[in-house]
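Q: To start, I am sharing the structure in question, which I have written as structure tokens.
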Amino acid sequence: MNSKQLYAQLSQLFAKEQLFCDDLSRLTKGTDAGLYRLIPKAVVKVNREDEVVRLLQFSQREKVPVTFKAAGTSLSGQTISDSILMEVGSGFEYSAITDDGRTATFGCGLTGTAANRLLMRHRRKLGPKPASINAAKIGGIIANNASGSSYGIRHNSYNTVKSMRIIFADGSLLDTADSESCRSFIASHPQLISDVRQLHLEATGNEVTREKIERKFRLKNTCGYGVNSLIDFSDPISIIQHLMTGSEGTLGFVSQATFETVHDAPLKATAMVYFAGLRDVCDTIIPLRGCHVSAAELMDRNALRAVEELEGMPPELITLPEGAAALLIDTAADDEETLLQQMREIEDKLSHIRTLTPIRFTTDRYLYNRYWNVRNGLFTSAAAARPPHTACIIEDIAFRGEILGDALTDVRELLVQTGYENAVMWGHLLDGNVHFTIFPEINNPAGVQKYAAFMHQLCDLVALKHDGSLKAEHGTGRNMAPFVEKEWGSDVYDLMKRIKKAFDPDNILNPGVVINNDSDVFIQHLKQIPEVNPLIDKCIECGFCEVSCPSKNLTLTPRQRIVAYRHLAERAAAGNNKRVSIQEQLKNISYPMEETCATDGLCSINCPVGIDTGKLVKELRWQHNGKIANRIADSIADNMYGITALLRGLLNLPHSMGRMIGYDTMENVTKGLYRLGDGLIPLWTRYTPSGSRKINRNIFPADSSDAPMAVYFPSCITRSMGGPSFGYREKDDLPSTMLSVLRKAGYTVIIPEEKDRLCCGMAFSSKGFREQAGKKEKELNEALLKASRNGALPILCDMSPCLLHMRETLDPRLKLFDQVEFIHDFLLERLQFTRRPVSVTIHTTCSSTKMQLEEKFLTVASRCAEKVVVPENVTCCGWAGDRGFFYPELNNSALAPLRQGIRDASEGYSNSRTCEIGLSINSGIVYKSLIYLVDRATT
Ligand SMILES: Cc1cc2nc3c(=O)[nH]c(=O)nc-3n(C[C@H](O)[C@H](O)[C@H](O)COP(=O)(O)OP(=O)(O)OC[C@H]3O[C@@H](n4cnc5c(N)ncnc54)[C@H](O)[C@@H]3O)c2cc1C
Ligand code: SF4
Ligand code: SF4
């Protein structure tokens, strides 16, 4: 069945919005973090169990395979398909916390971090802790049996998931927490139950097999199926449930799981210990296993070298000798006395081991973060520094603690012999689990052969020589499928093949993953890594950026934009004129690719290699802008005074009309005009601000002659559209309120001369008008230097996106503050706060998030109101300057979780006047600038 035929059939079963069969969606949604590319024939987004059932029954009937996709952060090629890809939608993002957080049920679509945020207030957390937890979803975490720096085996999904709801290949559903469901499943699936019983009998009945499984699962192991289920349990339902863990979507779909959570001790201490070599580090493993250690992260010299020159790193890193290694030891407790005991215990138990520096724990938050930044930054730095057009592969092996030193020495030798000597190595010591990165050239046959030869030798070394795990946490996928038998031997491999056959006799669930007869599958369908644009060339397609992107549910995510761009560039390179061809091709996809990107750059925060996809989009806009558009932009930049004055007048009109004919009628009219305008007329709603009053003075002196002084730069937005909108009880506009609060706090306020023609340039820059942006930045820079006496006085701006842009572009001597930061740093002590008896919600804009203002925002709001609600799962609002006026669907999509998230809050506050429009539209309450709340709560 080809893509069109499949679409025709699927559209009988699913709504149009759930189906994706166009080339762009199939390519971009079909991507995971691994090194393989398959393009699905169709993508189906599911939000409910009955939809999964419907799709699986269709697949079974038509014999069309299905692959499930959660966040697509898998590394071993297990989340790709050339058939149907089933994407888990937001309908599976639910949760229920029970027993004071000791148990928790999560839908398979919730991210690990979202789950942990819910558990945090109970001092609990999920057991599994992969480094990808911000993006990875519950279904993917379970199906890969993912784990991380916390002691992996004890707290992985296998050991902490108590029950599951599973949908099998035939569409039947089993709830392992429900005895009636278990009874009826046993009755309706006699063959599967009998097969599972038989497999259990064979695994436990054969001493050699049993001993092998027990031995190998003392280590972390995600190579092949979790056959420990066959010997750890005898009841078929428990075996089935545990086999699902680590089954990579090949045995069934886990729609929800109930976890036994883990205590999250609040007090933490860490020690960074340096050793002469890896062998010395490995000597600590046995003593450390007897101590209270929450993490023990090993790093080799290459790993330390990858970060040693970065800002903020411990200075001693650079002085370490060749071959040195480090161990980051973490311990956590509920009270200080216990924490101290634990630190002493670790120091005592390691006292006989040679270290380069004494073992010293710290509880100082700054030092704690500094040491963890070494660990957290090493992969990022190594991946970002890799040569262009190379792949980034993270290997994931484990050895018994007793032989870890020998094994790692062998691995290092192999890396040198095979030409991957720059590999960066780190790992979770207590589990004997080590990762290393290699950067092979997989764009050409020689590079592929070199990688293949390395893999064969690595597998011999790990599985045969040292009896280790070939994949400890990342899953088997297509990458390790040809080597499963090498690791397990034919007896256990045969059990695994029979497990697959018993669960999925028609091989419709993610075929080719885990079990695969093709010995070359690990070097087939390799992704090409083209060199297309320095802004994105380092991308490893990991998908970490997707979760915070405002357009993720509307059009494309940052990863998808990059995948699309790479694809177009590759196609163009196949022709003659690369640049024109890409431009031509981009025209066809400008809406998803470019028009609906908010260019807020939130994607860069979670990106391990620091890519801001918004910058690529701005570049595309710059390339698109023709002569006429540039002339219009020139004229706006040169006539800021006139434009702001015009807007001030215009914006009052619709509010006067709304008051006369009713806001509902007025909105009907403006919505009609917006539709007729076809992208040329902005959408007006009742929450669009009215005009501001003109500011006529430049100096507002305080009463006292020794009053502190500050410069206030009202942005062009607030100078024009800073007035109240529908639902405001206040009559004053934002700049007047700001001035009033500053003066209440005893400040003399200076407003830059010629403010009426000033603008930070961000509005031009985000649309790709680079020259016009540069001009406005230069003017503002001069004006602020003058007003602030060359940076001596603090400068406050009332729009957080503008302030961030100013920080990025203006003279570093200028001390620039957003309103939240200024209030927090300068006004909290100068004003008398009385908490208002009200529940308010705050929205941290994407620029504030980038400036790390969340805590300060919460502190200020908490001084003003009795209750402050911070909604879950709301990131960038997607208003994006003025984009919300023309693409309101971006704003609506980004803020879909807002209404539920604000709970009982009756007032909303933020620090960007334009974002507040969209927040009000999508929440049902009025959002305004934080300064209004401060004004009300202070004397
Ligand atoms: C930079 C980087 C670092 C990483 N670090 C770690 C780490 O420290 N530890 C670790 O263990 N892993 C790590 N990973 C690998 C990966 O992120 C994890 O395994 C993660 O748990 C996968 O989750 P996901 O939501 O992305 O799943 P996906 O990739 O979407 O899916 C994973 C597998 O599960 C299947 N699946 C998805 N949903 C379901 C469901 N509901 N029911 C049944 N099957 C399903 C899919 O078909 C696929 O086979 C890392 C990846 C990257 C890119
Ligand atoms: S800039 Fe914003 S909208 Fe654009 S890709 Fe990045 S996160 Fe998404
Ligand atoms: S942009 Fe960064 S976070 Fe996003 S897929 Fe690429 S490397 Fe990963």
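The values are calculated or read from the model by the stated rules, or taken from the named source; none is laboratory data. This is a predicted model, so every value here is computed, not measured. Note: ideal-geometry Cβ built from the backbone for every residue, glycine included; neighbour counts use all protein chains shown.
Q: Taking the criterion of being within 12 Å of ligand 2 (Cβ to nearest atom) and in a helix (DSSP H, G or I), would at least one residue in region 571-588 satisfy it?
A: no
Q: Also, I was wondering about something else. Filter region 18-64 down to the residues that are small (G, A, S) and under 26 Å from A391 (Cα atoms) and list them by number.
A: Listed by number, the residues that qualify are S25, G30, A33, G34.
Q: Residues to consider are K615, K627, K587; find the one that is among the charged types (D, E, K, R) and within 15 Å of ligand 3 (Cβ to nearest atom).
A: After applying the criteria, what remains is K615.
Q: Would you confirm, using the coordinates I've provided, whether V669 is without any contact (Cβ under 8 Å) to a residue 60 or more places away in the chain and surrounded by 21 or more Cβ atoms within 10 Å (Cβ to Cβ)?
A: It is false that V669 is without any contact (Cβ under 8 Å) to a residue 60 or more places away in the chain and surrounded by 21 or more Cβ atoms within 10 Å (Cβ to Cβ).
Q: Something else now. Of all strands (runs of 3 or more DSSP E) completely enclosed by region 748-826, which ones contain at least 3 residues that are within 16 Å of T845 (Cβ to Cβ)? Walk me through it before giving the result.
A: On the way: elements: 748-750, 794-797, 815-818.
Output list reads 815-818.
Q: From the list L35, L27, L13, L6, which residue is hydrophobic (A, V, I, L, M, F, W, C) and crowded, with 24+ Cβ neighbours inside 10 Å?
A: L35
Q: Right, here's the next one. With the requirement that a residue be within 17 Å of V741 (Cα to Cα) and either in contact with a Leu (Cβ under 7 Å, 6 or more places away or on another chain) or free of Cβ contacts under 8 Å to residues at least 24 places away in the same chain (or both), what does region 693-702 give you?
A: F700 - this is the single residue of region 693-702 that is within 17 Å of V741 (Cα to Cα) and either in contact with a Leu (Cβ under 7 Å, 6 or more places away or on another chain) or free of Cβ contacts under 8 Å to residues at least 24 places away in the same chain (or both).
Q: Among the listed residues E866, E854, E872, E829, which satisfies the condition of being within 30 Å of S765 (Cα to Cα) and of a type in the set (D, E)?
A: One residue alone meets the criteria, E854.
Q: Here is a follow-up. What's the number of the only condition in (1) surrounded by 13 or more Cβ atoms within 10 Å (Cβ to Cβ); (2) within 16 Å of ligand 2 (Cβ to nearest atom); (3) of a type outside the set (G, A, S); (4) free of Cβ contacts under 8 Å to residues at least 40 places away in the same chain that I605 fails to meet?
A: So the condition that I605 fails would be (4).
Q: Restricting attention to region 620-634, and to residues there that are part of a helix (DSSP H, G or I) and in contact with a helix residue (DSSP H, G or I) (Cβ under 9 Å, 6 or more places away or on another chain), which single residue is farthest from ligand 2 (Cβ to nearest atom)? Show your work before the answer.
A: Narrowing region 620-634 to residues part of a helix (DSSP H, G or I): 620-624, 627-634.
Right, trim to in contact with a helix residue (DSSP H, G or I) (Cβ under 9 Å, 6 or more places away or on another chain) and you get 620-624, 630, 633-634.
Working: L620: 11, R621: 12, W622: 15, Q623: 17, H624: 16, N630: 23, A633: 21, D634: 26 Å.
My answer is D634.
Q: Can you pull out the residues in region 494-548 that are charged (D, E, K, R) and over 24 Å from Q57 (Cα atoms)?
A: D494, D518, D520, K527, E531, D537, K538, E541, E546
Q: Restricting to region 52-72, and then to whatever is among the β-branched types (V, I, T) and in a helix (DSSP H, G or I), can you tell me which residue is surrounded by the most Cβ atoms within 10 Å (Cβ to Cβ)?
A: Across region 52-72, the extreme among qualifying residues is V52.
Q: Quick check on this structure: which one of I529, I540, I605 is assigned to a loop (DSSP other than H, G, I, E, B), modelled with pLDDT under 95, within 16 Å of ligand 1 (Cβ to nearest atom) and within 16 Å of the chain's Cα centre (by Cα)?
A: Answer to the check: I540.
Q: Take D638 and tell me if it is surrounded by fewer than 21 Cβ atoms within 10 Å (Cβ to Cβ), away from ligand 1 (no atom under 16 Å from the Cβ), modelled with pLDDT of 95 or more and not small (G, A, S).
A: Considered against the rule, which asks whether it is surrounded by fewer than 21 Cβ atoms within 10 Å (Cβ to Cβ), away from ligand 1 (no atom under 16 Å from the Cβ), modelled with pLDDT of 95 or more and not small (G, A, S), D638 comes out as yes.
Q: Within region 743-770, how many residues are under 16 Å from C797 (Cβ atoms) and in contact with a Pro (Cβ under 8 Å, 6 or more places away or on another chain)?
A: Number satisfying all stated conditions: 5.
Q: I'm checking my understanding of the structure. Among residues of region 354-378 that are modelled with pLDDT under 95 and touching a Phe, Trp or Tyr at 6+ places or on another chain (Cβ under 8 Å), which one is surrounded by the most Cβ atoms within 10 Å (Cβ to Cβ)?
A: Here the answer is L378.
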